Amino acid sequence: MTKEAIFSKLKEILINDFDIEEDLITLEASISEDLDLDSIDSVELIVKVRPYLKDKIEPEEFKSVKTVQDVVDLLEPLSI
């Protein structure tokens, strides 16, 4: 998947599964501050994106992500 496709899928998941308003979801958005996701939400997000990945991603890998862009960058090499 391209970075654009990953971002689009992330937006879809964040809107549908986490009830986040679409206009809040930008590449620069802070996962914890702007989107108000905590560590449990992050683990749930990992579960939601797993079907789109060729390799597993471990929850501890998510500890370094701060923004939506960080998530996209982390997922790109693992995506189908």
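The values are calculated or read from the model by the stated rules, or taken from the named source; none is laboratory data. Small disclaimer: the values here were computed from a predicted structure and weren't measured. FYI the Cβ positions are ideal-geometry reconstructions off the backbone, even for glycines, and counts take in every protein chain you see. Areas reflect the complete protein model, heavy atoms only, side chains present, ligands, DNA and RNA absent. Shrake-Rupley method; radii C 1.70, N 1.55, O 1.52, S 1.80 Å.
Calculate, for the chain, the solvent-accessible area per residue in square angstrom, rolling a 1.4 angstrom probe over the heavy atoms of the protein chains.
On a per-residue basis, 61 Å².
Please state the relative contact order of the chain as a whole percent: Cα pairs under 8 Å, 6+ residues apart? Don't jump to the answer; show the numbers that get you there.
Values: 69 pairs, mean separation 32.5, N = 80.
Once divided by the residue count of the chain, the mean separation gives 41 percent.
Counting only the heavy atoms of the protein chains, how much of Val49 is accessible to a 1.4 Å probe, in Å² to the nearest 10?
10 Å²
To the nearest 20 debye, what is the magnitude of the charge dipole of the chain about its Cα centre, counting +1 on the Cβ of each Lys and Arg and -1 on the Cβ of each Asp and Glu?
Details: 9 positive and 21 negative charges, 105 e Å.
Result for the chain is approximately 500 debye, rounded to the nearest 20.
Return a single number: how many Lys pairs in the chain, at a sequence separation of 8 or more or on separate chains, have alpha-carbon atoms below 14 angstrom apart.
Working: Lys3/Lys11; Lys9/Lys48; Lys11/Lys48; Lys48/Lys56.
Lysine pairs meeting the criterion: 4.
Given a 1.4 Å probe and every protein chain left where it sits, what share in percent of the accessible area of the chain is carbon and sulfur?
Here it works out to 49 percent.
Restricting to DSSP loop positions (anything but H, G, I, E, B) with no more than 12 other Cβ atoms inside 10 Å of their own Cβ, which trypsin sites (Lys or Arg not before Pro) remain in region 10-59?
Details: sites: Lys11, Lys48, Lys54, Lys56; in loops: Lys54, Lys56.
For trypsin sites (Lys or Arg not before Pro) across region 10-59 that sit outside H, G, I, E and B with at most 12 neighbouring Cβ atoms in 10 Å, the list reads Lys54, Lys56.
Summing -39500 (n - 2.57) over the DSSP H runs of n ≥ 4 in the chain and dividing by its residue number, what mean residue ellipticity at 222 nm do you reach, to the nearest 500 deg cm²/dmol?
Numbers: 3 runs with 35 residues, N = 80.
After summing the helix terms and dividing by the residues of the chain, the value is -13500 deg cm²/dmol.
Give a residue-ordered list of calculated ³J(HN,Hα) values for region 67-74 (Karplus: 6.51 cos²θ - 1.76 cosθ + 1.60, θ = phi - 60°; whole Hz; x for Gly, Pro).
Result, rounded to whole Hz: 10, 4, 4, 4, 5, 4, 5, 5.
Near the amide H of Ser79, under 5 Å away, which other amide H atoms are found, from residues 5 or more places off or on another chain, if H is placed in the peptide plane?
When sequence neighbours closer than 5 places are left aside, the close amide H contacts are Lys54.
If amide hydrogens are placed 1.01 Å from N in the peptide plane, which non-local residues have theirs closer than 5 Å to the one on Ser30?
Leu35
Counting Lys and Arg as +1 and Asp and Glu as -1, what is the net charge of the other residues whose Cβ lies under 11 Å from the Cβ of Ser32? If you can, show how the numbers build up before the last one.
Details: positive: Lys66; negative: Glu33, Asp34, Asp36, Asp38, Asp41.
Summing Lys/Arg as +1 and Asp/Glu as -1 gives -4.
Beyond 16 Å, what percent of the Cα pairs of the chain remain?
On the way: 1364 of 3160 pairs.
So the portion of pairs separated by more than 16 Å is 43 percent.
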